[in-house]
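Values in this text are rule-based calculations from the coordinates and carry no lab data. Everything quoted here is computed from the prediction, not taken from an experiment. Cβ coordinates were reconstructed from backbone atoms using ideal geometry, including for glycine residues, and neighbour counts include every protein chain displayed.
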Amino acid sequence: MSDLKNRTLTIEKTFNAPVQLVWDAWTQSEHILKWWAPKGMDIKVIEHDFKVGGKWKYAMPMPDGNKFISEGIYKEIVTLKKIVTSADFKPMTENVELQTYFEADGENTKFVFKVIHATEAYCKQQEEMGFYNGWGSAFERLETTLKTLTS
């Protein structure tokens, strides 16, 4: 097993919203629909059983008629603090672990998102495929969603 740091891609953000709101946007289907996909794309929630051992599965219709499937199983949930889940994003990314951390900072939320890959080479390949642009776009949509929820 190669060094964890070299197998992990990380995005850190501070959202201008209270931790409960960021948590709700991340964990409730009606909010996930608004931001999980990159800008210009839609997402369908097929399954969302938010509990340890529960499955989640989302489908994003592609312009060519195919579907991009995101799915996983929740491994660890610490309310308002941490979510750990397995994840497959078929057909591009498989067998990764998502670790999402939430920390209240007054009326803001410090947010850390880590994706852990099986190998260093796979991690590098995912980064080169556009990891930061793809998730960055989704998190911009999350930020916009949070603004609509606070107003």
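Annotations
- The length gained on full extension between Val112 and Gln28, counted as 0.36 nm times the residue separation minus their Cα-Cα distance, comes to 28.4 nm.
- Straightening the chain between Glu127 and Thr150 buys 5.0 nm, computed as 0.36 nm per residue apart minus the Cα-Cα spacing.
- Shape call, the stretch 21-75: gyration tensor on alpha carbons, a/c limit 1.5: oblate
- Pairs exceeding 28 Å between alpha-carbon atoms, taken from Lys13/Lys75; Lys5/Lys147; Lys124/Lys147; Lys90/Lys114: Lys5/Lys147; Lys124/Lys147.
- Cα gyration tensor shape for the stretch 90-151, rounded if a/c is under 1.5, else prolate or oblate: prolate
- Label sites at Glu76 and Asp3, each approximated as a point 7 angstrom past Cα along Cα to Cβ, lie 2.2 nm apart.
- In summary, the aspartates and glutamates within cross-link reach of Lys67, defined as a Cα separation below 16 angstrom excluding same-chain residues under 8 places away, comprise Asp42, Glu47, Asp88, Glu94.
- ³J(HN,Hα) computed for each position of the stretch 71-85 - Karplus, 6.51 cos²θ - 1.76 cosθ + 1.60, integer Hz, glycine/proline x: 7, x, 10, 5, 9, 8, 9, 10, 3, 6, 10, 7, 9, 10, 9
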